[in-house]
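The values are calculated or read from the model by the stated rules, or taken from the named source; none is laboratory data. Because the structure is a prediction, the values reported are computed rather than measured. Every residue, glycine among them, receives a Cβ derived from its backbone with ideal geometry; neighbour counts consider all protein chains shown. Areas reflect the complete protein model, heavy atoms only, side chains present, ligands, DNA and RNA absent. Shrake-Rupley method; radii C 1.70, N 1.55, O 1.52, S 1.80 Å.
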Amino acid sequence: MNYGEEIRRLADEKGALILAHNYQPPEIQDLADITGDSLELARRAKEVKESTLVVCGVYFMAETAKILSPDKTVLIPRPDAGCPLADQLTPEKVLAAKAAHPGAPFVVYVNSTAATKAECDITCTSANSAEVVRALPEDTILFGPDANLAAYAQRLVPEKKIIPVPQNGGCPTHHQFTLRDIEAARREYPNATIVCHPECSPEVQLASDMVGSTGYMMRNCGTKKEWVIFTEKGICHPLQKKYPDTLFHVMDTAVCRNMKLITEEDLYITLRDGVVPVQVPEKTADRARVAIERMINVSK
Ligand code: 13P
């Protein structure tokens with residue numbers, strides 16, 4: 001069977017829209033109607049008219065789409081596509097941090113569960129963390145679960161005090177990069193510009209030429225002819241498509257296993273059988289929606 005043709009035929013027949021994150025396998029991105037970073041996917045999920053959304057990404061991305069569009073059917077081809085970073089911040093940890101710092105709002109990275117978002121004041125993505133922190137009236141801000149993203153926002157907003165919760169939360173795919181990797185990249189590709197994701201460690205961020213979300217990379221990597229990219233290697237596919245004459249290098253180990261689970265067969269079955277619908281308990285969704293919409297309103 002030609003899965004690609006069948007997937008497009010079923011999507012059109014059922015009026016379903018396929019959204020894929022920039023880290024998805026190339027063949028999945030190529031079949032999607034919309035690709036983008038976490039912020040772009042969250043925004044588009046809310047705006048589009050289609051009543052069925054298929055989210056090709058990890059579970060929290062599909063959950064975010066469902067929270068923003070409770071009346072739509074949101075399907076995820078692989079509900080087992082988790083996020084080890086999201087698992088590092090429970091609702092209990094948020095409540096304990098709030099109790100220890102009365103009056104401090106909690107900014108939660110979208111890489112978190114719906115139940116955790118529900119206890120927080122506002123969400124952020126890697127594209128708008130500093131903007132969100134700046135927009136809050138308070139001077140002391142709780143921020144989690146990614147401590148590297150917290151450090152990035154702290155560097156951009158030095159006038160506020162950002163407290164990471166938990167203290168060492170991080171994404172294993174990004175946190176693996178070291179200063180030695182940057183130095184090795186400089187030696188091997190002396191003409192390349194180095195860009196890293198803000199989930200990388202503060203040392204890696206400081207040693208890079210540029211820091212930004214995957215959407216930032218998509219917008220800015222046309223300005224030079226050669227790049228070393230420190231993020232999940234899936235980003236190279238849309239970058240190469242958009243900038244065919246540019247050279248992109250990425251580390252072989254930069255793989256998020258969860259982002260690579262969805263196959264064309266999974267996507268085909270999802271569209272054919274309407275599985276697996278994402279459910280978020282109404283009370284949790286209502287509270288999490290406040291935090292996500294607050295972010296969308298800040299980040300115009
Ligand atoms: P972006 O929002 O930059 O696409 O990042 C998503 C992500 O999950 C990084 O690990």
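Things to note:
- Accessible area per residue for the chain, computed on protein heavy atoms with a 1.4 Å probe, is 43 Å².
- Proximity of backbone amide H atoms, modeled 1.01 Å from N, is registered between residue 247 and 226, 227 at under 5 Å, excluding neighbours fewer than 5 places apart on the same chain.
- Considering only 189, 215, 162, and ranking their Cα positions along the charge dipole of the range 161-226 that arises from unit charges at the beta-carbon of Lys, Arg, Asp and Glu, the one farthest toward the positive end is 215.
- Within the accessible area of the chain (1.4 Å probe), percent carbon and sulfur: 51
- Using C-alpha pairs under 8 Å with a sequence gap of at least 6, the mean separation divided by the residue count of the range 1-62 gives a relative contact order of 37 percent.
- Taking the alpha carbon gyration tensor of the chain, multiplying each eigenvalue by 5 and rooting it gives semi-axes of 29, 27, 15 Å, largest first.
- Sequence-separation-based contact order of the chain, relative, with Cα cut under 8 Å and 6+ spacing, percent: 23
- Over the chain, dividing the summed -39,500 (n - 2.57) contributions of all DSSP H runs of at least 4 residues by the number of residues returns a 222 nm mean residue ellipticity of -12000 deg cm²/dmol.
- Estimated translational diffusion coefficient (Stokes-Einstein, Kirkwood radius over Cα pairs, 4 °C, 1.567 mPa s) of the range 129-282: 74 µm² per second.
- Label zone at residue 14, where the point sits 7 Å out along the Cα-to-Cβ direction: the range 254-295 residues whose backbone N lies under 11 Å: 267-277
- Dipole magnitude for the range 224-300: about 400 debye, using +1 per Lys or Arg Cβ and -1 per Asp or Glu Cβ, origin at the Cα centre.
- ³J(HN,Hα) computed for each position of the range 270-275 - Karplus, 6.51 cos²θ - 1.76 cosθ + 1.60, integer Hz, glycine/proline x: 4, 6, 5, 9, x, 10
- Within the range 163-242: Cβ-based charge dipole about Cα centre, in debye rounded to nearest 20 (Lys, Arg +1; Asp, Glu -1): 360
- Shape annotation for the range 216-300: C-alpha extents along the principal axes are 49, 38, 23 Å, from largest to smallest.
- Label positions at residue 191 and residue 80, each projected 7 Å from the Cα along the C-beta direction, are separated by 4.6 nm.
- Equivalent-ellipsoid semi-axes for the range 1-149 (Cα gyration tensor, √(5λ), whole Å, largest first): 33, 14, 13.
- Computed over the range 164-242, relative contact order equals 33 percent, with contacts defined as Cα pairs under 8 Å that lie 6+ residues apart.
- Gaussian network model of the chain, springs between alpha carbon atoms under 10 Å - residue of 110, 195, 255 with greatest fluctuation: 255
- When each of the peptides 153-159, 98-104, 285-291 is scored by the mean number of other C-beta atoms lying within 10 Å of its residues, the order from highest to lowest reads 285-291, 153-159, 98-104.
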